[in-house]
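Asker: Can you read through this structure? Questions will come right after.
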Amino acid sequence: MTRPNRSLLALLVVAALGMGACDYFRPAEPEPPSTGSSFVPDYGSPDSTLSTIAKAIADKGRTIGATAYAGAFAESLSGSVAGYHQLFWPQDVADWSQASGRLPPPDWGFSLELTFYTRFFLRPDAYRMEWTPDRLNPDNFGANAATIHRHYAVKTYGPEGDSTSVQAIGFADLTVVRFSDGNWRIVRWEDRRDSNADPNDTDQITLGKRRLNST
């Protein structure tokens, strides 16, 4: 897949009107299964934004999950502000279109992403999302914009803490921008399949495929 080029990255920097750089590229810690208690969103760095997404998924909308999830993605309010866009893995689109007999939405943006959050939780079990660096693709970052590459896995757990399923697995090439309020938000998510996912397990699909399935 084609990744954001330097011109796009520079344009997003200008659009965001961000502030100074910080030491934000630390490995993300797996989030424990949700206990129903609230949490404090943190968008102070790209990885803390990803951690907030993980906490929002563990929350499953019980407390502030939906609001916290929304805060991780850029909402375009004018032509000068970068908005969020999802790019799907081409084979996911082909498979989904063949199975559904439909074409995907022409542009997956902020509103569709929030709807996806409310429809993602298909199981009653606890959800946990894990982010890890994609070691084969180094990050490209500046003071106010970055392209980062992460592997993700969303797993479910039973009452005894035993893993019950893998609800999503894949790679994400993410363009993240620091906006004028100092918060880092995702403006572009480009999905890639994980070749190690079990092809015989219909649950082990990308978040992009989960997004398409939610429409």
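Asker: Quick check, is residue 160 charged (D, E, K, R) and buried (at least 16 other Cβ atoms within 10 Å of the Cβ)?
Answerer: Spelling it out, it is not the case that residue 160 is charged (D, E, K, R) and buried (at least 16 other Cβ atoms within 10 Å of the Cβ).
Asker: Also, I was wondering about something else. Just to be sure before I move on: is residue 188 closer than 18 Å to residue 86 by Cβ and out of contact with any strand residue (DSSP E or B) (no Cβ under 8 Å at 6 or more places or on another chain) in the structure I sent?
Answerer: Taking the combined requirement at face value, the residue does not satisfy it.
Rundown of residues vs (1) touching a Pro at 6+ places or on another chain (Cβ under 8 Å); (2) among the polar types (S, T, N, Q); (3) surrounded by 15 or more Cβ atoms within 10 Å (Cβ to Cβ), yes/no style:
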residue	(1), (2), (3)
91	no, yes, no
97	yes, yes, no
105	no, no, no
108	no, no, yes
111	no, yes, no
115	no, yes, no
118	no, yes, no
126	yes, no, yes
138	no, no, no
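Asker: Can you tell me which residue among 34, 48 is at pLDDT 95 or above, buried (at least 17 other Cβ atoms within 10 Å of the Cβ) and among the polar types (S, T, N, Q)?
Answerer: 48
Asker: I would also like to ask the following. Please list, ordered by first then second residue, the pairs with beta carbon atoms under 6 Å, 6 or more apart or interchain, first in segment 155-171 and closer than 19 Å to residue 210 by Cα, second modelled with pLDDT under 95 and basic (Lys, Arg).
Answerer: Filtered contacts from segment 155-171: 156/123.
Asker: Ok, one more. So residue 60 fits all but one of (1) surrounded by 15 or more Cβ atoms within 10 Å (Cβ to Cβ); (2) out of contact with any Leu (no Cβ under 8 Å at 6 or more places or on another chain); (3) on the phi < 0 side of the Ramachandran plot; what number is the exception?
Answerer: Going through the list (1) surrounded by 15 or more Cβ atoms within 10 Å (Cβ to Cβ); (2) out of contact with any Leu (no Cβ under 8 Å at 6 or more places or on another chain); (3) on the phi < 0 side of the Ramachandran plot, residue 60 breaks only (3).
Asker: Something else now. Consider segment 74-99. How many of its residues are modelled with pLDDT under 95 and either in contact with a Cys (Cβ under 7 Å, 6 or more places away or on another chain) or among the polar types (S, T, N, Q) (or both)?
Answerer: The qualifying residues number 3.
Asker: Is at least one residue of segment 195-208 among the β-branched types (Val, Ile, Thr), in contact (Cβ under 8 Å) with a residue 12 or more places away in the chain and surrounded by 23 or more Cβ atoms within 10 Å (Cβ to Cβ)? Spell out how you get there, then give the answer.
Answerer: Keep residues of segment 195-208 that are among the β-branched types (Val, Ile, Thr), which gives 202, 205-206.
Still in the running and in contact (Cβ under 8 Å) with a residue 12 or more places away in the chain: 205-206.
Filter once more, so that each one left must be surrounded by 23 or more Cβ atoms within 10 Å (Cβ to Cβ): 205-206.
Yes: segment 195-208 contains one or more residues that are among the β-branched types (Val, Ile, Thr), in contact (Cβ under 8 Å) with a residue 12 or more places away in the chain and surrounded by 23 or more Cβ atoms within 10 Å (Cβ to Cβ).
Asker: Another one. Condition test on residue 76, is it in a loop (DSSP other than H, G, I, E, B), among the polar types (S, T, N, Q), out of contact with any Leu (no Cβ under 8 Å at 6 or more places or on another chain) and within 14 Å of residue 179 (Cα to Cα)?
Answerer: Yes.
The values are calculated or read from the model by the stated rules, or taken from the named source; none is laboratory data. Not measured: the values here are computed from a predicted model. Cβ sites come from the backbone with ideal geometry, for glycine too, and all protein chains shown count toward neighbours.
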